[in-house]
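The block underneath contains the structure these notes are about, expressed in structure tokens.
The values are calculated or read from the model by the stated rules, or taken from the named source; none is laboratory data. Only a predicted model underlies this, so the values are computations on that prediction, with no experimental measurement involved. Ideal geometry is used to build each Cβ from the backbone, glycine not excepted, and the neighbour counts take in all protein chains shown. These accessible areas exclude ligands, DNA and RNA; they are computed on the full protein's heavy atoms, side chains included. Shrake-Rupley method; radii C 1.70, N 1.55, O 1.52, S 1.80 Å.
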Amino acid sequence: AAARARVVARRARGGLRLAAAQGLAEREAQLHRVLHVPAAPRGTSPSRLASRRTRAAGPPRTNRYATDAGPWPFSAGDSYVKADFSCRLAAPEAIGNLSVLAFTADETLGAAELGALDLCRDRGKHQHGEQLEGVALAARAVSKRLQKRKVFRVTGSHFRRVKLRFDVRKAGLQYVALQVCDAWNADGLELDGVFEFKNPYGYLPATYFGFLPFEFARSVAFLLVFLYFAAGLVAHREELLPLHHCVLGALVVCLAESVASFASYASQNTSGEPKCCPFPAHVVAAMALELARRVATRVLLLVVSLGYGLVRARLACRETAGVAAL
């Protein structure tokens with residue numbers, strides 16, 4: 001899956017509450033997860049990365065294809081995870097180290113495994129901004145080639161720019177995790193920036209990639225049906241019934257809805273704009289047209305079942321009111 005998400009943070013005593021998108025955003029964020037990134041005080045054992053369940057527990061994660069291993073016909077292209085944000089500790093006099101980790105897992109990590117994730121290992125044995133060695137992930141270990149970790153010195157007096165790019169070499173769940181280590185007088189962390197998850201073909205999550213060719217094929221199919229039906233109406237324009245115009249109107253709505261849905265998925269794939277929330281204009285248009293399509297086709301089916309246009313020239317007032325109410 002592909003994503004670019006705005007990261008926002010709120011101060012919380014004893015650590016950081018971080019809200020980040022799961023995989024759909026570029027400039028605006030859908031806040032799917034709330035993470036608690038605790039600070040490990042100096043001279044104590046490092047605290048663990050904890051999570052609080054909202055829709056799902058855990059750090060930001062998405063399913064993703066590997067680099068140059070995307071679905072046909074978009075097999076070539078880079079697949080990566082990128083973190084780019086500015087941060088500072090909440091207390092002006094605070095100081096500490098921020099550990100950032102991106103890694104690949106074959107399956108969803110449970111709460112116990114995430115709770116045992118230690119990003120503060122080997123602290124004090126690195127230079128800030130340098131990539132570190134592999135991190136043990138609970139009961140299973142992730143290969144060094146499937147993870148990347150950097151540590152940055154952070155203070156409360158000014159914002160520090162944090163940048164990390166992890167090239168995806170194996171398809172699977174991609175995670176990003178943060179932890180504050182060796183903190184002194186830390187009272188939370190403030191940060192603002194982006195997490196970016198990209199597939200070889202673009203930003204659309206792998207879960208939704210199949211909708212892109214499907215909506216394109218559906219648009220083409222509705223266009224062909226519309227042109228065929230419109231040609232038939234022109235050829236028999238002297239013998240038309242009101243029902244034919246109703247069918248034509250329903251086809252117009254179906255065609256518009258399929259084109260709007262395809263355009264919405266194509267826009268998300270190109271720009272990484274989030275599907276929610278707030279809803280972008282193209283998503284609202286696609287949803288409204290989908291509702292109109294469902295209403296139009298069901299009303300048409302209902303009035304035909306009542307005999308309109310076939311054995312009856314018009315419906316009774318009571319039947320018309322009933323159809324409108326439904």
Take the range 200-224 and flag every residue that is closer than 18 Å to L289 by Cα, open to solvent by less than 80 Å² (accessible area, probe 1.4 Å) and not small (G, A, S).
L212, E215, R218, V220, F222, L223
Okay, helices (runs of 4 or more DSSP H) sitting entirely in the range 241-326 with 1 or more residues that are within 22 Å of S219 (Cα to Cα), open to solvent by less than 30 Å² (accessible area, probe 1.4 Å) and not acidic (D, E), I get 242-271, 281-305
Residues of the range 90-114 being of a type outside the set (A, V, I, L, M) and part of a loop (DSSP other than H, G, I, E, B), in sequence order, are P92, E93, D106, E107, T108, G110
Cβ-Cβ under 6 Å pairs, at least 6 apart or on other chains, the range 106-118 side over 16 Å from Q147 (Cβ atoms), far side of a type in the set (G, A, S) and assigned to a loop (DSSP other than H, G, I, E, B):
A111/A57
Taking the criterion of being over 13 Å from K82 (Cα atoms), in contact with a helix residue (DSSP H, G or I) (Cβ under 8 Å, 6 or more places away or on another chain) and charged (D, E, K, R), would at least one residue in the range 151-174 satisfy it?
yes
Six or more apart or on different chains, Cβ atoms under 6 Å: show the pairs whose first residue is in the range 66-89 and touching a residue at least 12 places away in the same chain (Cβ under 8 Å) and closer than 26 Å to G193 by Cβ and whose second is open to solvent by 50 Å² or more (accessible area, probe 1.4 Å) and outside any strand (DSSP E or B).
A66/R169; A66/K170; A66/A171; T67/D78; S79/Y65; S86/F159; R88/F159
Within the range 268-326, can you find the residues that are farther than 30 Å from Y203 by Cβ, under 38 Å from the mean Cα position of the chain (by Cα) and hydroxyl-bearing (S, T, Y)?
T297
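Hey, any hits in the range 138-150 for a residue that's modelled with pLDDT of 75 or more and over 22 Å from R169 (Cβ atoms)? Even if it seems obvious, please write down each step before you answer.
Taking the range 138-150 and keeping what is modelled with pLDDT of 75 or more, we get 146-150.
Subsequent filtering for residues that are over 22 Å from R169 (Cβ atoms) retains none.
Scanning the range 138-150 turns up no residue that is modelled with pLDDT of 75 or more and over 22 Å from R169 (Cβ atoms).
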If you scan the range 173-190, which residues turn out to be farther than 22 Å from Y265 by Cβ, open to solvent by less than 10 Å² (accessible area, probe 1.4 Å) and not in a loop (DSSP other than H, G, I, E, B)?
Y175, V176, A177, L178, Q179, V180, C181, A183, L189
Qualifying position, being over 28 Å from G115 (Cα atoms) and either in contact with a Leu (Cβ under 7 Å, 6 or more places away or on another chain) or modelled with pLDDT under 85 (or both), among L178, L243, L255, L173
L255
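To keep it simple, each residue is scored yes or no on (1) among the basic types (K, R); (2) over 15 Å from F209 (Cα atoms).
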| residue | (1), (2) |
| --- | --- |
| A256 | no, yes |
| S261 | no, no |
| P274 | no, no |
| L291 | no, yes |
| R294 | yes, yes |
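Could you run through the range 225-240 and say how many residues are free of Cβ contacts under 8 Å to residues at least 24 places away in the same chain and open to solvent by 70 Å² or more (accessible area, probe 1.4 Å)? Can you show your working first?
Step one: filter the range 225-240 for residues free of Cβ contacts under 8 Å to residues at least 24 places away in the same chain, giving 227-240.
After this cut, where a residue has to be open to solvent by 70 Å² or more (accessible area, probe 1.4 Å) as well, the list is 227-228, 234-239.
Of the residues in that region, 8 qualify.
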